[in-house]
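Engineer: One structure coming up, written as structure tokens, with questions to follow.
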Amino acid sequence: MDTTSQPSERLELLLLTHGNTLYRAAAAILGDVYEAQDAVQDTFLAWLEKQPDCPDGAHERAWLLRVTVNNCKSRLRSPWRRKTGALTESLTTEGPEESALMEAIQTLPAKDRIVLHLHYYEGYQTGEIAQMLGWREGTVRSRLSRARKRLKTLLTDQID
């Protein structure tokens, strides 16, 4: 990617290239479209401040996702967040099965939602997720395993 362009041009290219991915990750973690938009906006502001030197698009995407995840984690720790509820109806889904899946995912703890989204929706391996989140790889694997079990239990309870 051309790093000699103006920061505003570079930012526009980053928004077009990675904006939807970052938004989907933030929405999956936070469960609120407006907070997700704010978290992504904060990510791009951080990029403008730091303008990290990423040799290729994969490192750039990983940097942006890591900052987005950290922004989401900060928002989840916020004291005022405990007083608000998730807006699951604002998350777009394709059908009733996917809608039920999204509702079940939103009931999981945030740490489980983070690893599920990064692994299944973004396609990262456990080692890459561990590096992004600053966790051990075994922690990511156990979180994924627990999240799958919880999700399976939630979905089978809905069917019964």
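The values are calculated or read from the model by the stated rules, or taken from the named source; none is laboratory data. All figures in this text were calculated on a predicted structure; none of them were measured in a lab. Cβ sites come from the backbone with ideal geometry, for glycine too, and all protein chains shown count toward neighbours.
Engineer: If we keep just the residues of region 19-39 that are surrounded by fewer than 22 Cβ atoms within 10 Å (Cβ to Cβ) and not β-branched (Val, Ile, Thr), which is nearest to Glu122 (Cα to Cα)?
Structural biologist: In this case the residue turns out to be Arg24.
Engineer: Among the candidates Thr68, Thr21, Thr43, Thr84, single out the residue that is at pLDDT below 80 and either among the β-branched types (Val, Ile, Thr) or in contact with a helix residue (DSSP H, G or I) (Cβ under 9 Å, 6 or more places away or on another chain) (or both).
Structural biologist: Values: Thr68 fails: at pLDDT below 80; Thr21 fails: at pLDDT below 80; Thr43 fails: at pLDDT below 80.
Checking each option against the conditions leaves just Thr84.
Engineer: How about region 98-140: which of its residues are aliphatic (A, V, I, L, M), in contact (Cβ under 8 Å) with a residue 24 or more places away in the chain and in a helix (DSSP H, G or I)?
Structural biologist: Selection gives Ala100, Leu101, Ala104, Ile105, Ala110, Ile114, Val115, Leu116, Leu118, Met132, Leu133, Val140.
Engineer: Let me ask something else. Return the total of residues in region 1-33 being under 30 Å from Ala100 (Cα atoms) and touching a residue at least 40 places away in the same chain (Cβ under 8 Å).
Structural biologist: Final tally of qualifying residues: 14.
Engineer: What are the residues in region 130-152 that are of a type in the set (Val, Ile, Thr) and modelled with pLDDT under 90, if any?
Structural biologist: None; the set is empty.
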